[in-house]
Amino acid sequence: MARRRLGSKDLQAQAIELDRRIKEVAAKEKAKREADDHRRNLLVGQAALWRMTTEPQSEFAATLLLLINERARSVADRALFNLPPLTMNTKEPQEQTGSDVNLGAMHLAASRLTEG
(Lines give C-alpha, C1' and ligand atoms only; values in the text may rest on other atoms or scores of the structure.)
Protein backbone atom coordinates (compact mmCIF):
# COMPACT_ATOMS: atom_id res chain seq x y z
CA MET A 1 0.00 0.00 0.00
CA ALA A 2 1.51 3.29 -1.04
CA ARG A 3 1.65 6.09 1.42
CA ARG A 4 0.39 9.43 0.33
CA ARG A 5 2.87 12.19 0.84
CA LEU A 6 1.53 15.03 2.96
CA GLY A 7 1.79 18.53 1.62
CA SER A 8 2.31 21.68 3.62
CA LYS A 9 -1.42 22.41 3.69
CA ASP A 10 -2.11 18.95 5.14
CA LEU A 11 0.58 19.42 7.76
CA GLN A 12 -0.75 22.87 8.64
CA ALA A 13 -4.24 21.46 9.08
CA GLN A 14 -2.87 18.73 11.34
CA ALA A 15 -0.91 21.30 13.34
CA ILE A 16 -4.04 23.41 13.80
CA GLU A 17 -6.01 20.36 14.96
CA LEU A 18 -3.24 19.31 17.37
CA ASP A 19 -3.06 22.84 18.77
CA ARG A 20 -6.84 22.81 19.33
CA ARG A 21 -6.64 19.45 21.10
CA ILE A 22 -3.71 20.58 23.26
CA LYS A 23 -5.66 23.67 24.34
CA GLU A 24 -8.74 21.55 25.07
CA VAL A 25 -6.79 19.11 27.25
CA ALA A 26 -5.02 21.98 29.04
CA ALA A 27 -8.37 23.67 29.74
CA LYS A 28 -9.79 20.43 31.18
CA GLU A 29 -6.70 19.95 33.37
CA LYS A 30 -6.96 23.54 34.62
CA ALA A 31 -10.66 23.13 35.41
CA LYS A 32 -9.90 19.92 37.34
CA ARG A 33 -7.13 21.63 39.36
CA GLU A 34 -9.44 24.55 40.16
CA ALA A 35 -12.26 22.21 41.21
CA ASP A 36 -9.84 20.25 43.43
CA ASP A 37 -8.54 23.49 44.97
CA HIS A 38 -12.09 24.69 45.62
CA ARG A 39 -13.09 21.40 47.26
CA ARG A 40 -9.88 21.38 49.33
CA ASN A 41 -10.60 24.93 50.54
CA LEU A 42 -14.16 23.98 51.49
CA LEU A 43 -13.02 20.94 53.45
CA VAL A 44 -10.27 22.81 55.29
CA GLY A 45 -12.63 25.67 56.06
CA GLN A 46 -15.32 23.32 57.31
CA ALA A 47 -12.85 21.50 59.56
CA ALA A 48 -11.41 24.75 60.92
CA LEU A 49 -14.83 26.28 61.61
CA TRP A 50 -16.01 23.07 63.24
CA ARG A 51 -13.03 23.15 65.59
CA MET A 52 -13.56 26.84 66.27
CA THR A 53 -17.24 26.34 67.12
CA THR A 54 -16.67 23.27 69.29
CA GLU A 55 -13.72 24.78 71.15
CA PRO A 56 -14.32 28.56 71.07
CA GLN A 57 -11.90 29.27 73.94
CA SER A 58 -9.00 27.36 72.36
CA GLU A 59 -5.79 28.88 71.04
CA PHE A 60 -6.77 27.54 67.62
CA ALA A 61 -10.05 29.50 67.71
CA ALA A 62 -8.24 32.68 68.72
CA THR A 63 -5.66 32.26 65.95
CA LEU A 64 -8.28 31.49 63.32
CA LEU A 65 -10.30 34.50 64.38
CA LEU A 66 -7.23 36.73 64.01
CA LEU A 67 -6.62 35.34 60.52
CA ILE A 68 -10.24 35.84 59.51
CA ASN A 69 -10.19 39.35 60.93
CA GLU A 70 -7.09 40.15 58.88
CA ARG A 71 -8.32 38.61 55.61
CA ALA A 72 -12.05 39.43 55.52
CA ARG A 73 -12.28 42.83 53.84
CA SER A 74 -15.77 43.26 52.40
CA VAL A 75 -18.73 44.15 54.57
CA ALA A 76 -20.50 40.96 53.45
CA ASP A 77 -17.52 38.74 54.28
CA ARG A 78 -17.04 40.35 57.68
CA ALA A 79 -20.78 40.03 58.43
CA LEU A 80 -20.52 36.25 57.95
CA PHE A 81 -18.28 36.19 61.02
CA ASN A 82 -20.08 38.94 62.95
CA LEU A 83 -17.07 41.24 62.51
CA PRO A 84 -17.50 45.02 62.36
CA PRO A 85 -16.85 46.74 59.03
CA LEU A 86 -13.37 48.08 58.43
CA THR A 87 -12.92 51.77 59.17
CA MET A 88 -12.75 54.08 56.17
CA ASN A 89 -9.54 55.77 57.35
CA THR A 90 -7.30 52.80 57.98
CA LYS A 91 -8.91 49.86 56.17
CA GLU A 92 -7.44 47.78 58.98
CA PRO A 93 -9.36 45.23 61.02
CA GLN A 94 -10.53 46.31 64.44
CA GLU A 95 -9.59 44.29 67.49
CA GLN A 96 -12.03 41.49 68.13
CA THR A 97 -12.18 38.88 70.85
CA GLY A 98 -13.41 35.33 70.44
CA SER A 99 -16.51 36.02 72.51
CA ASP A 100 -17.58 38.74 70.02
CA VAL A 101 -17.82 36.32 67.14
CA ASN A 102 -21.12 34.69 66.29
CA LEU A 103 -19.83 31.12 66.25
CA GLY A 104 -23.23 29.66 65.44
CA ALA A 105 -23.41 31.79 62.31
CA MET A 106 -19.90 30.70 61.37
CA HIS A 107 -20.84 27.04 61.76
CA LEU A 108 -24.00 27.55 59.71
CA ALA A 109 -22.01 29.33 56.99
CA ALA A 110 -19.50 26.48 56.90
CA SER A 111 -22.23 23.86 56.62
CA ARG A 112 -23.87 25.76 53.74
CA LEU A 113 -20.55 26.01 51.90
CA THR A 114 -19.99 22.28 52.02
CA GLU A 115 -23.49 21.14 51.13
CA GLY A 116 -23.82 19.47 47.80
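The values are calculated or read from the model by the stated rules, or taken from the named source; none is laboratory data. All values reported here derive from a predicted model rather than from experimental measurement. Heads up, the Cβs are rebuilt from the backbone with ideal geometry, glycines too, and the neighbour counts pull from every protein chain shown.
Restricting the search to segment 1-59, which residues are touching a residue at least 24 places away in the same chain (Cβ under 8 Å) and not in a helix (DSSP H, G or I)?
Those that are touching a residue at least 24 places away in the same chain (Cβ under 8 Å) and not in a helix (DSSP H, G or I): P56, Q57.
Out of segment 12-46, which residues are of a type in the set (V, I, T) and within 24 Å of the chain's Cα centre (by Cα)?
Scanning segment 12-46 gives V25, V44.
In segment 58-109, which residue that is aliphatic (A, V, I, L, M) and more than 18 Å from A48 (Cβ to Cβ) is modelled with the lowest pLDDT?
M88
Given the criteria surrounded by 12 or more Cβ atoms within 10 Å (Cβ to Cβ), at pLDDT 90 or above, of a type in the set (S, T, N, Q) and touching a helix residue (DSSP H, G or I) at 6+ places or on another chain (Cβ under 8 Å), does Q46 qualify?
Considered against the rule, which asks whether it is surrounded by 12 or more Cβ atoms within 10 Å (Cβ to Cβ), at pLDDT 90 or above, of a type in the set (S, T, N, Q) and touching a helix residue (DSSP H, G or I) at 6+ places or on another chain (Cβ under 8 Å), Q46 comes out as yes.
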